[in-house]
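All remarks here apply to the structure that follows.
The values are calculated or read from the model by the stated rules, or taken from the named source; none is laboratory data. Quantities reported herein were computed from a predicted structural model and do not represent experimental measurements. Note that each Cβ is placed from the backbone with ideal geometry, even for glycine, and that neighbours are counted across all protein chains shown. Surface accessibility is based on the protein's heavy atoms, side chains included, excluding ligands, DNA and RNA. Shrake-Rupley method; radii C 1.70, N 1.55, O 1.52, S 1.80 Å.
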Amino acid sequence: MYKTLLPLLERWFDEAELQGFSLPYSYHSDSQSDAETFTKKAKSVFEVFMSRMGSCYPFHQAAYAGQMLKPPHPAAWLAYAIATSVNTNNHALDGGPETSEMEKEVIRSLSRMVGYEPGTTLGHLTSGGTVANLEALWVARCLHPNKPVLFSAQAHYTHSRMCSVLGISSRAIPFAFGSEEEVDRFRASIAGAGTLVVTLGTTGTGQTEPLDVILPLCMEAGVRVHVDAAYGGFFTLLKNSGFLRSAPFEALGGADSIVIDPHKHGLQPYGCGCVLFKDATVGRFYKHDSPYTYFSSDELHLGEITLECSRAGAAAAALWFTIQLLGLEPDSAFAAMLRQCLEAARRFASVIGDDPRFELLMQPETDIVCYFPKAGTADDISRLSREIFRDTMQQGDKSLYLSLYKVDGKEFSRLFPHVESGNPTEPVTLLRSVFMKPDHLVFIHEMHNRLRASLQRITAQ
């Protein structure tokens, strides 16, 4: 599909006239000899570049089911490439008038998707989820400067790190609600806190924390709720599909702030994150002045509501183009793609669950599956997992690319008491697969065959 879009890219360079001037075609002397020298050197450097890029893992292929690396949609690549040739900066309107407007439009679309009322909310794109979470926690500190931020043990390490950067006290608390006693313990844990972070789509296992249960308890205690939906946010399009626990996603619109990463399941190139605030008045914390910008328009300049200054307008252009093309509704092509990812994870979990040589850590809630080769001891499970991880990448055109996941030793013993624990203070290493590509749906059985072949090779040694 990339190649089919090349004529559109060529048309851009042939026809583009921006504010009365053409895109530059030369950064050197226009003499024929200089042009020939440049072309010759560019071809030479390109050969080296091609060789080095060829050593990348096959991220676009179904055989890659390792980290959270989703190929950007070709339409996003096209728009990004075109916008990058202009190199707009969405800090001030005069740096990127059209791409800034595109950013405002995609923020309205994302706000509607998560259940916010676009006219009363505030948001912008960021370079990624880390900065987006930093901004959300910074606003949390502005609102409650002397109150801690809380999160679960499954939360991304970003939150602890960013709280340290911001000088906010923070701690992990258990999210357990199976009994009234556990609910009471949770109430006691959040007393006096400023903000609680809830994760929809944990990085390790893809779990969705029970926002629907947590939100009313936090409202009762006067604690703000920030939702880190960097990974799982787009799954809200499938909240009524039967593939997900719908309640946490139904409650999403009640959160005070939300982070979502279009460069994960939003089909965008790196880096494109997003932070949304339910209450637009938090914009007062961003208020600042600049002696050399914000003069071209009385409309809102995006730099006035961001901690980052220069930001690529190309990211907004690519996301805008993608949403316009695929839609962002439950019945859209975008949602259909997400549905295939969830279905692939469930099919793989079913296949693994039926295989006597492997075992699931848990049933997948989104599109991440954690599993392990069966063995008598936790140490053997860790060793075999690591060996499979290395072995599967070395099989040529039959290779498989996985990732590893470490589980707390005590938690693993609780879940699998039949496995000899050895040293329960040591984590247990498992296999982890992320099914971010619709192509995974037709690759499940081949993937399973490659896993079995790897385990057979290792145990035969």
(message) If exposed means no more than 14 neighbouring beta carbons inside 10 Å and the site is in a DSSP loop, what's the longest run of the chain without any exposed GluC sites (Glu not before Pro)?
(response) 18-298
(message) What does the net charge come to around G192 if you take all other residues with beta carbon closer than 12 Å to its beta carbon, with K and R at +1 and D and E at -1?
(response) +3
(message) Strictly greater than 19 Å: what percent of every Cα pair in region 107-197 meets that?
(response) 51
(message) I'd like the Kirkwood hydrodynamic radius of region 336-447, using the inverse of the mean 1/r over distinct C-alpha pairs, in Å.
(response) 14.5
(message) Relative contact order of region 328-394, please, whole-number percent, based on alpha carbon pairs below 8 angstrom and at least 6 residues apart.
(response) 20
(request) Whenever you get a sec, compute what percent of the accessible area on region 304-461 sits on carbon and sulfur atoms (1.4 Å probe). (result) 50
(request) Would you list which lysines come within 16 Å of K437, measuring only between C-alpha atoms, while excluding same-chain residues fewer than 8 positions from it? (result) K70, K264
(request) Give the calculated FRET efficiency between E101 and L23 to the nearest 0.05, with a Förster radius of 22 Å applied to their Cβ-Cβ distance. (result) 0.60
(request) Roll a 1.4 Å probe over the protein chains and send me the accessible area per residue for the chain in Å². (result) 48
(message) Taking just the alpha-carbon atoms of the chain, what radius of gyration and Dmax come out, in angstrom?
(response) 24.3, 81
(message) Starting from the 7 Å offset along Cα-to-Cβ, what nm value, one decimal, do you get for the label separation of T377 and L415?
(response) 2.2
(request) Could you go through region 36-41 in sequence order and give the Karplus-derived ³J(HN,Hα) for each residue, using 6.51 cos²θ - 1.76 cosθ + 1.60 with θ = phi - 60°, rounded to whole Hz, and x for Gly and Pro? (result) 5, 4, 4, 4, 5, 5
(request) Over region 312-461, calculate the relative contact order: mean separation of alpha carbon pairs under 8 Å at least 6 apart, over the residue count, as a percent. (result) 26
(request) Using just the helices of the chain, give the 222 nm mean residue ellipticity in deg cm²/dmol: DSSP H runs with n ≥ 4 each add -39,500 (n - 2.57), and the total is spread over all residues, rounded to 500. (result) -13000 deg cm²/dmol
(request) Show which lysines lie in cross-link reach of K278 when reach means a straight Cα distance below 22 angstrom and same-chain residues fewer than eight apart are skipped. (result) K104, K147, K239, K287
(message) Of all beta bridges DSSP finds with both residues in the chain, what is the antiparallel percent, to the nearest 5?
(response) 60
(request) For E15 and S350, calculate 0.36 nm times their separation in residues minus their Cα-Cα distance, and state this gained length in nm to one decimal. (result) 115.3 nm
(request) Evaluate the relative contact order of region 118-275 (contact order divided by residue number), counting alpha-carbon pairs under 8 angstrom at least 6 apart; express in whole percent. (result) 28
(request) State the Cα centre-to-centre distance between region 216-264 and region 376-445 in whole Å. (result) 28
(request) Would you please state which residues of region 247-285 a label at Q324 would reach in this model, taking the label point 7 Å out along Cα→Cβ and a backbone N cut-off of under 13 Å? (result) none
